[in-house]
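The values are calculated or read from the model by the stated rules, or taken from the named source; none is laboratory data. Since we're looking at a predicted model, the values are computed, not measured. Here Cβ is always computed from backbone atoms with ideal geometry, including for glycine, and neighbour counts include all displayed protein chains. Areas reflect the complete protein model, heavy atoms only, side chains present, ligands, DNA and RNA absent. Shrake-Rupley method; radii C 1.70, N 1.55, O 1.52, S 1.80 Å.
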Amino acid sequence: MLRISGLKTFYGNSQALFGMDVEIQEGQVATLMGRNGMGKTTTVHSIMGITPSQDGEIEFNGTPLRGMTPFAVARLGIGLVPEGRQIFPNLTAHENLVATAANWGKLKTPWTVERVYELFPGLAARRTSMGNLLSGGEQQMLAVGRALMTNPKLLILDEATEGLAPLIRDEIWRSLEALKGEGLSILVIDKNVKDLARIADRHHIVEKGQVVWTGDSTSLLADQELTQRYLGV
Ligand code: ATP
């Protein structure tokens, strides 16, 4: 579904990606793992067209994405839950969801606000609260819901559970498992190796702008030297 090969991205003269290779199969959950500053967010921003890449390929269901605007990428079916959530602060939770509603792929049963509330019952109770008054956990649920309202084929989460309380983290993982169960493809960035191993089919460990290891959860958990060296766990 998504294939990235040899991707190189620069910030001015400073190179952040040195030939990234990532692959996500339809219906699967894939991860980008690695310490801070290794290039995970840059990879996501390159996919979305937020940060332009200079070399390599990004192909989504056969369509080359490089050079496209973020809007065009979203239209093709990639939904982003950005690092820091970026909730519209002066809109209510409900309005945040309505604001991004789109069914470019003409799905027969597109996401609705009510379906988002079914996925996150806690959010339903807060539907009239302004975005800036929501807790971090509520904002993250809202950010997931807002991305779903664009009816993506691939959902990308940059730091899925960072800074959230354990109960809210569990809520986010539960929702991702449910979405996976419905056949949604997901690319997730997070620091929690155990949770990622439980939910994901394929992992990419990123080190200095390159993927240095890729494999499934069994091989990831079996290799303590690997997780210690690149993830510090
Ligand atoms: P984190 O978890 O801290 O976000 P990351 O793995 O997502 O880490 P990136 O944010 O992609 O890493 O950063 C990769 C490299 O690019 C780092 O060296 C970082 O300092 C650099 N970088 C990121 N954003 C910018 C920017 N806007 N301008 C210049 N350099 C940047």
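The phi-based Karplus calculation (6.51 cos²θ - 1.76 cosθ + 1.60; θ = phi - 60°) puts the 3J(HN,Hα) values of the range 97-109 at 6, 5, 4, 9, 4, 7, 10, 4, x, 6, 5, 5, 10 Hz, whole numbers, x for Gly and Pro. Using a probe of 1.4 Å on the protein chains alone, the accessible area found for Leu187 is around 0 Å².
Please report, ordered by residue number, every helix of the chain (full DSSP H runs) that is 15 Å or longer along its axis going by C-alpha atoms and whose mean Kyte-Doolittle hydropathy reaches -1.0. Could the numbers behind the result be given before it?
On the way: long enough: 136-148 (18 Å, 0.08); 166-181 (22 Å, -0.31).
Correct list, ordered by number: 136-148, 166-181.
For the set His204, His45, the ranking by accessible area, highest first and with no ligand, DNA or RNA atoms included, is His45, His204 under a 1.4 Å probe. Residues whose amide H lies under 5 Å from that of Ser53, counting only those 5 or more places away or on a different chain, are Gly67; hydrogens are built 1.01 Å from N in the peptide plane. Helical content alone sets the calculated 222 nm signal of the chain at -10000 deg cm²/dmol, taking -39,500 (n - 2.57) per DSSP H segment of four or more residues and averaging over every residue. Mind scanning Lys108/Lys191; Lys8/Lys194; Lys8/Lys191; Lys40/Lys106; Lys106/Lys180; Lys8/Lys180 and naming the pairs with a C-alpha gap bigger than 28 Å? As for pairs spanning more than 28 Å Cα to Cα, those are Lys108/Lys191; Lys8/Lys194; Lys40/Lys106; Lys8/Lys180. With protein chains left intact and a 1.4 Å probe, residues in the chain average 46 Å² of accessible area per residue. Accessible surface of the range 2-230, 1.4 Å probe: 51 percent of it comes from carbon and sulfur atoms. If R0 is 22 Å, the Cβ-Cβ spacing of Arg115 and Thr218 corresponds to a FRET efficiency of close to 0.05.
For the range 194-216 versus the range 84-148, the inter-centroid distance based on Cα atoms is 28 Å. For Ile50, tell me the accessible area in Å² from a 1.4 Å probe, rounded to the nearest 10. That residue has around 80 Å² of solvent-accessible surface. Cross-link partners of Lys153 among aspartates and glutamates, defined as those whose alpha carbon lies under 16 angstrom from its own and excluding same-chain residues fewer than eight positions apart: Glu23, Glu26, Glu59, Glu177, Glu182. When nucleic acids and ligands are ignored and a 1.4 Å probe is applied, Tyr230 ends up with an accessible area of around 30 Å².
Three semi-axes describe the equivalent ellipsoid of the range 168-233; taken as square roots of 5 times the Cα gyration tensor eigenvalues and ordered largest first, they are 22, 13, 11 Å.
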